[in-house]
Every structure is written in structure tokens, then in C-alpha cells.
Amino acid sequence: MKAEPAVQRRLLDLADVDTELTRLAHRRTSLPEHAELTAAEAAVRTAKDAVVEAETNAGDLDRDIRRIERDVEGVRTRTARDNQLLAGSGIGARQATELQHELETLARRQSVLEDEQLEIMEQREALEAHLGHARATLDAAEKEVAVILERRDTALLDIDAGETGRRRARDEVVATLPDDLLALYERLRSRNGTGAALLLARRCQACRLDVDRTAISALKAAAPDAVVHCEECGVILVRTAESGL
Ligand SMILES: [Zn+2]
């Protein structure tokens with residue numbers, strides 16, 4: 001294949017742009033924010049689970065509290081009724097004794113219920129503090145996700161802008177290249193990751209290996225418009241005044 005030296009040199013611009021595009025694509029997938037986001041989202045899930053668990057426990061305790069309140073209310077009503085009966089006239093001695101017994105039983109029951117009530121209220125209070133803490137943890141975790149998302153989106157926008165600029169530059173270079181040379185470059189690039197490189201001081205800038213004596217003689221003998229390759233890595237070697245030939 002043949003191409004004017006000036007045209008061949010444009011392959012170096014194309015290779016530079018492609019290196020930048022590759023770097024940006026790598027940066028896009030390897031942003032630290034991706035891993036940070038995964039961890040922060042896991043923290044949100046854990047915090048949510050803790051809140052749900054605490055809320056469920058609080059609901060259970062609230063139900064217990066209402067049940068005890070109903071029981072206490074029942075005992076009070078019964079006690080008031082018994083007291084009223086006792087105070088009233090027209091009851092016999094036996095009934096009065098029975099009522100006294102019942103009032104004693106009701107008083108003991110009330111005392112047990114009140115102890116239970118006190119204990120459960122303390123549990124509920126402790127749980128409320130725990131719930132507050134769990135909600136604060138969830139809130140902080142959600143804020144952290146938002147902060148990381150914003151940072152990630154800013155980085156992605158930056159990468160987008162970089163890529164847009166490079167693609168435009170690439171299109172401009174590509175438009176000036178003959179089809180066959182471009183096709184060769186693309187084929188080599190898809191195979192090696194690099195399509196063309198400068199021969200700098202007898203060294204291929206793609207594989208960083210010195211070109212051996214025999215190959216240098218061949219390169220010297222090659223016409224300036226001949227498209228030549230690195231024997232080691234296969235890329236198009238672009239010769240310039242810096243090539244050391
Ligand atoms: Zn090479």
C-alpha cells in the first residue's frame with residue numbers, strides 16, 4: 001500500500017485521538033463512584049431493613065400497650081361496679097364477702113397489669129430511641145447515595161464532553177484519509193489496540209521495541225510513500241525526521 005508521508009503522519013493524530021477515546025472509555029467504566037455507589041446502596045438497604053424491623057417491633061409493642069390499657073380499663077370498671085354494689089343497700093353478708101374477695105383479686109390483677117404496663121412503656125421508649133437512630137442512619141445513607149450520584153454524574157458529563165470533542169477531531173482526521181489506509185489502520189487497531197505508531201529513534205512507539213538492523217535497512221530502502229509495518233507488533237510505522245533513518 002502507498003500513501004503520501006504527510007497523509008501517513010495524520011495516522012499519528014488519529015492514533016492519539018483513539019488512545020484518548022480508549023482512556024475515556026476505561027475511565028467511564030472504572031470510575032471509583034461505581035463501587036462507592038454499590039456500597040452506599042447496600043448501606044441504604046441495610047438501614048431500611050433496620051428501620052422496618054424497629055417499626056414492626058414498635059407496632060407490636062403499641063398493640064400490647066393498647067391491650068393492657070383495655071385490660072386495666074376492664075379491671076377499673078369492674079372495681080367501680082363492685083364498690084358501688086358494696087356501698088349500696090340490700091346486699092347480704094355472704095355477697096359482701098364475695099365482693100370483698102373479688103375486689104382483692106381485682107386489686108392484685110391491676111397491680112400486675114400496671115407493672116406490665118410500666119415495663120412495656122420502658123421498652124417502647126427504648127425502642128423509640130433506637131428507631132430514631134435507625135431513621136437517622138437511613139437518612140445519612142440516602143444522602144451519601146445522592147452525593148455519590150451527583151459526583152458520578154458530574155464525572156460522566158465530563159467524560160461525555162471529552163468524548164464528543166475527540167470524536168469530532170477523529171471525524172476530521174478520518175475525512176482526510178484514503179479509504180484503504182483507514183481500513184488497514186482500523187483492522188490493525190481492532191487486532192492490536194493500536195493501528196499506527198511513530199518510529200522514533202529506531203524504536204516503535206507502539207510496542208516500544210527497537211527495530212533491528214536488517215529491518216532498519218529495509219525501512220531506509222523503502223519509498224517514502226510506502227506503508228511499512230513494525231515487524232514485532234504489526235502496526236503501521238510512520239517515519240518522520242525523528243525516526244533515526
Ligand atoms: Zn511495534
quick shape note, region 180-239: Cα extents on principal axes in Å, largest first -> 29, 23, 15
Projected area averaged over all directions for the convex hull of the alpha carbon atoms of region 31-158, nm², comes out at 9.8
Given the candidates Gly193, Gln84, Ala35, the one whose Cα lies deepest towards the positive end of the charge dipole of the chain, counting +1 at each Lys or Arg C-beta and -1 at each Asp or Glu C-beta, is Gly193
Between the modelled labels at Asn83 and Arg208 (7 Å from Cα along Cα→Cβ) the distance in nm is 9.5
For Lys2, the lysines lying under 19 Å Cα to Cα, once residues fewer than eight places off in the same chain are dropped, come out as Lys220
If each part is reduced to its alpha-carbon centroid, region 189-203 and region 93-147 end up apart, in Å, by 78
Computed over the chain, the relative contact order (Cα-Cα under 8 Å, seq sep at least six) in percent reads 33
Residues other than Arg239 with Cβ under 14 Å of its Cβ, Lys/Arg counted +1 and Asp/Glu -1, net out at +3
Share (percent) of C-alpha pair distances in region 3-60 greater than 17 Å works out to 66
Taking 92-105, 68-81 and ranking on average Cβ neighbours within 10 Å, highest first, one gets 68-81, 92-105
Length gained if Asp171 through Asp64 is fully extended, taking 0.36 nm per residue and subtracting the Cα-Cα distance, is 31.2 nm
In whole angstrom, largest first, the equivalent ellipsoid semi-axes that the Cα gyration tensor gives for the chain are 93, 15, 11
With N residues in region 133-245, Rg(alpha-carbon) / (2.2 N^0.38 Å) equals 1.76
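The numbers here are math on the coordinates, done by the rules we state, and not lab data. Model, not experiment: these values are computed from the prediction. Quick reminder, even Gly has a Cβ in these numbers, built from the backbone with ideal geometry, and neighbours come from all protein chains shown.
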